[in-house]
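Read the structure below first, then the notes.
Every read-out reported here was derived from the displayed coordinates using simple, explicitly stated rules and does not represent laboratory data. Given the structure is predicted, the values throughout are model-derived calculations rather than measurements. So basically every Cβ, Gly included, is an ideal-geometry build from the backbone, and we count neighbours across all protein chains shown.
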Amino acid sequence: MLKHEVKDGKLVVYLEGRLDVSVANEVEEGLTELIDSLGHRKVLLNMKDVEYMSSSGFRACISTLRKLNSKEGFLKISNIKPAVKRIFDVIELTSLFDIYDTEEAALKSF
């Protein structure tokens, strides 16, 4: 199970390590389970401890975004390290996600 907590009615999920092919399916399934079992439509992915993301990691995030969009929900991302942010920029995904510097700013934006 992914480390998570509910803050101000929003589900905050803390991702960590390398989000690559070896863990992406587990992360995606964990996010789906949290969203479905807890019924949250406002989800924040805090990535302060994510060191690397591969295309598989991005796929898990995009899948979660689509799932929430289908439920008229929202996905926000916070605390992306510069190296990971550069990958978001290179593959032009920064416009797809609502990205915030801090968890607090992201939570206030819902």
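Worth a mention:
- Close amide-amide hydrogen proximity is noted between LYS42 and LEU11, PHE74, each under 5 Å apart and 5 or more residues distant or on a separate chain (H modeled in the peptide plane; Pro and chain starts excluded).
- Remark: the LEU2-SER55 segment gains 17.1 nm on full extension, using 0.36 nm per residue and subtracting the alpha carbon distance.
- Length gained on full extension, LYS85 to SER37, computed as 0.36 nm times the residue gap minus the Cα-Cα distance: 14.3 nm.
- Theoretical FRET efficiency, 1/(1+(r/R0)^6), r = Cβ-Cβ of THR94 and GLU29, R0 35 Å, to 0.05: 0.85
- The region of the chain that goes longest without hitting one of the GluC sites (Glu not before Pro) in a DSSP loop, each with at most 16 other Cβ atoms within 10 Å, is 1-71.
- In units of the compact-protein estimate 2.2 N^0.38 Å, region 1-104 shows a Cα radius of gyration of 0.96.
- Normalised contact order of region 43-110, rounded percent, pairs of Cα under 8 Å and 6 or more residues apart: 41 percent
- Charged-residue dipole, Cβ positions (Lys, Arg, Asp, Glu), region 1-78 about Cα centre, Debye nearest 20: 360 debye
- Each DSSP beta bridge with both residues in the chain is either parallel or antiparallel, and the antiparallel ones are about 25%.
- Formal net charge of residues neighbouring TYR100 (Cβ-Cβ distance under 13 Å; K, R +1; D, E -1): +1
- Applying a DSSP loop filter and a limit of 13 other Cβ atoms within 10 Å to the trypsin sites (Lys or Arg not before Pro) in region 59-100 leaves LYS71.
- Placing unit charges on the Cβ atoms of the charged side chains and taking the dipole of region 4-108 about its Cα centre, the candidate lying farthest along the positive direction among MET47, THR32, LEU93 is LEU93.
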